[in-house]
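One structure below.
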Amino acid sequence: MREVSPEGSAWVKAWTPAEGRDRAASLLLEELGVDATCHWSAAGRATLIGEHTDYNAGLSLATVTPHRAYVAAAPRDDDVVRVTSGLGDVLEGPGRVWEGRVGEAPGPDLGWPAYPAGIVWAMHERGFSGRGMDIAIESCLPPQGGLASSAAVLGATVLAVNDLWRLALDGDDGRSELADACLDAENAMAGVMCGPLDPHVALRCGADEALLLDFSGRTVSATHYPMYIRDYGLGLLVVDTQVPHGDVRPLFESRRAECAAAAHALGAADLREIADSPQALRRVESLEDPIARRRARHVVSEIERVRLVAAELGGTAPAHERFVSIGKAIFRSHASLDVDYEASRPSLDLAVDAAFRAGALGARVSGAGGGGSVIALVRKAQAESTATQIADAFTAEGRLAPRFLWI
């Protein structure tokens, strides 16, 4: 899972598709004694801009990592569901193997099996039916790294269920329904009240594109953009601080309640309605409650930043000007997440500050926050030197050196 470059920075290697499939198939045979009949995978999520906007009916712009979760599965002739994970010994849960039944609600206290088992439950609850199955999961995504490793597991598992139950939920509409089932599993079974961003990115975004998602409708609409930053010698450097984000359930629950209270105080159904209204930020500043004001200010300003970055990606101005503008928006996003949304922590701020000093165009916390990773927009030629300077900054403060991923 880990490589070390000659200069000494630790890099997390993305498995090849063949390697991922082989690892999952080997685990299925080793732990459950069966041969795989299907293989699926789903990528992690890297948000360019638009964090904590999805459950506020907002906008997000994200892409996927080359690092993925891999599932190998085989059908059974009964209703038993057996799941094994290569990370079962290090994640919270019953160990490497769990057994249940189709339609059984696993519950949030189960640990890691709540995600794959929750998918089977969620699809059954949606009216789909099928026999039991044996499932093995392997992943090269850092767990609790802010890159939606759980959504990648959900996405790969639901694709296996779709295949084994012969549901033919294909194409973008089918993928959208599968993503909604993933959200059901994470909300109801894992007990994490996150928004729909992660599963929709994992299941609907291609490897060479960015996905603009609009969460304001009954269905999540997607606009595809080519990820052409690579054509200009740029890429995304992920800084895995190795500080796990821990249990994010309280953060999501409190922020949802605070955002809902802010929208209610402003006479709106949600904060997207405020963001789409004239003089949106002036309306937000009229809120008397300082917490509601800060939460609403982040969401409304973040939606504005998503629109700005999407416009720059599709713009015709000189590339340098557009990427500098995008980078500034990314830095402003982190400041907003830190000050107004209180989703950062010292390790993440240190990574952002070190990335800035190393010449990154932009850097921000990734995912829910509270730990995990920072994503920085950097020149490919400076990726190694930027990683080294960030690692040195952590070492200078006596912290464990971060690991790095390249997108």
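Miscellaneous remarks
- For the chain, the equivalent ellipsoid built from the Cα gyration tensor has semi-axes of 33, 26, 19 Å, listed from largest to smallest.
- Among L211, L251, L29, residue whose mean-square fluctuation peaks in a GNM of the chain (springs only between Cα atoms under 10 Å): L29
- Counting only Cα atoms, the stretch 43-193 measures 45, 35, 26 Å along its principal axes, largest extent leading.
- Taking amide H as placed 1.01 Å from N in the peptide plane, L234 has its amide H under 5 Å from the amide H of K380, each at least 5 places away in sequence or on another chain.
- Helix 383-396 axis versus longest C-alpha principal axis of the chain: approximately 80°, rounded to the nearest ten.
- Contour excess over end-to-end distance, with Cα ends at V324 and F128 and 0.36 nm allotted per residue: 65.8 nm
- Relative contact order of the chain, defined on C-alpha pairs under 8 angstrom at six or more residues apart (%): 19 percent
- Summarised in one figure, the compactness ratio Rg/Rh of the stretch 169-268, Cα atoms and Kirkwood Rh, is 1.03.
- Computing Rg and the Kirkwood Rh from the Cα coordinates of the stretch 339-402 gives a ratio, Rg/Rh, of 0.96.
- When the stretch 46-157 is described by a simple charge dipole with +1 on each Lys and Arg Cβ and -1 on each Asp and Glu Cβ, the residue from P94, L141, H67 located farthest towards its positive end is H67.
- Kirkwood Rh, Cα atoms: Rg over Rh of the stretch 260-363: 1.04
- Farthest toward positive dipole pole in the chain [+1 Lys/Arg, -1 Asp/Glu at C-beta], among L377, A25, A269: L377
- P(r) weight above 15 Å for the stretch 16-113, C-alpha pairs, percent: 71 percent
- Rounded percent of accessible protein surface that carbon and sulfur make up, the stretch 173-221, 1.4 Å probe: 44 percent
- Candidates T395, T223, T316: whichever shows maximal mean-square fluctuation once the chain is modelled as a Gaussian network with Cα springs under 10 Å: T316
- Computed [θ] at 222 nm, helices only, for the chain once each DSSP H run of length n ≥ 4 contributes -39500 (n - 2.57): -12500 deg cm²/dmol
- Calculated SAXS-style log₁₀ I(q)/I(0) at q = 0.13, 0.17, 0.20 Å⁻¹ - the stretch 218-301, Debye, Cα scatterers: -0.66, -0.87, -0.92
- Per-pair calculated FRET efficiency, R0 = 41 Å: S286 and D89 via Cβ, rounded to 0.05: 0.20
- Nearest-ten-degree value, helix 249-265 long axis tilted from longest Cα axis of the chain: 50 degrees
- Computed over protein heavy atoms with a 1.4 Å probe, the accessible surface of the chain works out to 39 Å² per residue.
- The stretch 195-250: translational diffusion in µm²/s, Stokes-Einstein, Kirkwood Rh over Cα pairs, 10 °C, 1.306 mPa s: 115 µm²/s
- Nearest-ten-degree value, helix 17-27 long axis tilted from longest Cα axis of the chain: 50 degrees
- Portion, in percent, of the accessible area of the stretch 85-147 that falls on carbon or sulfur, probe 1.4 Å: 44 percent
- GNM top mover of I274, I330, I390 - the chain, alpha-carbon springs below 10 Å: I274
- Restricting the trypsin sites (Lys or Arg not before Pro) of the stretch 129-192 to loop positions (DSSP other than H, G, I, E, B) with no more than 10 neighbouring Cβ atoms within 10 Å leaves R166.
The values are calculated or read from the model by the stated rules, or taken from the named source; none is laboratory data. Keep in mind it's a predicted model, so treat the numbers as computed, not measured. Virtual Cβ from ideal backbone geometry, glycine too; neighbours counted across all protein chains shown. Calculation scope for accessible area: heavy atoms of the full protein, side chains included, ligands and nucleic acids excluded. Shrake-Rupley method; radii C 1.70, N 1.55, O 1.52, S 1.80 Å.
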